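Down below is the structure, laid out as structure tokens.
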């Protein structure tokens, strides 16, 4: 078996002074690619968690918004009834004031 074949079998890359810089650069690029891939996986996991949290907040917001909307509408109804009762009370008060004593 030749020296080059034996080195390749052992996972060793033989280089010359002319190819050393190129091979080191390729190794650096490969390591950076692995780091980017690992970070991308972590980002994907975090985006999944964020998506779930956003859905939860949206659900809660919709519930709160619905309650506020209903309370606002109910406040309008109560205001109308209070105004109606106030008018009736004032009419009764005026009748009593106009009655001879």
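For beta carbons closer than 8 Å, sequence separation of 6+ or different chains, a first residue in the range 4-20 that is at negative phi and assigned to a helix (DSSP H, G or I) and a second that is at pLDDT below 90 and exposed (fewer than 10 other Cβ atoms within 10 Å of the Cβ), the qualifying pairs are 9/1.
Specify which of the listed residues (98, 82) is without any contact (Cβ under 8 Å) to a residue 40 or more places away in the chain and exposed (fewer than 10 other Cβ atoms within 10 Å of the Cβ). Please lay out each step first, then the result.
Values: 82 fails: exposed (fewer than 10 other Cβ atoms within 10 Å of the Cβ).
Exactly one of 98, 82 is without any contact (Cβ under 8 Å) to a residue 40 or more places away in the chain and exposed (fewer than 10 other Cβ atoms within 10 Å of the Cβ), namely 98.
The values are calculated or read from the model by the stated rules, or taken from the named source; none is laboratory data. Being a predicted model, the structure only gives us computed values, none of them experimental. Heads up, the Cβs are rebuilt from the backbone with ideal geometry, glycines too, and the neighbour counts pull from every protein chain shown.
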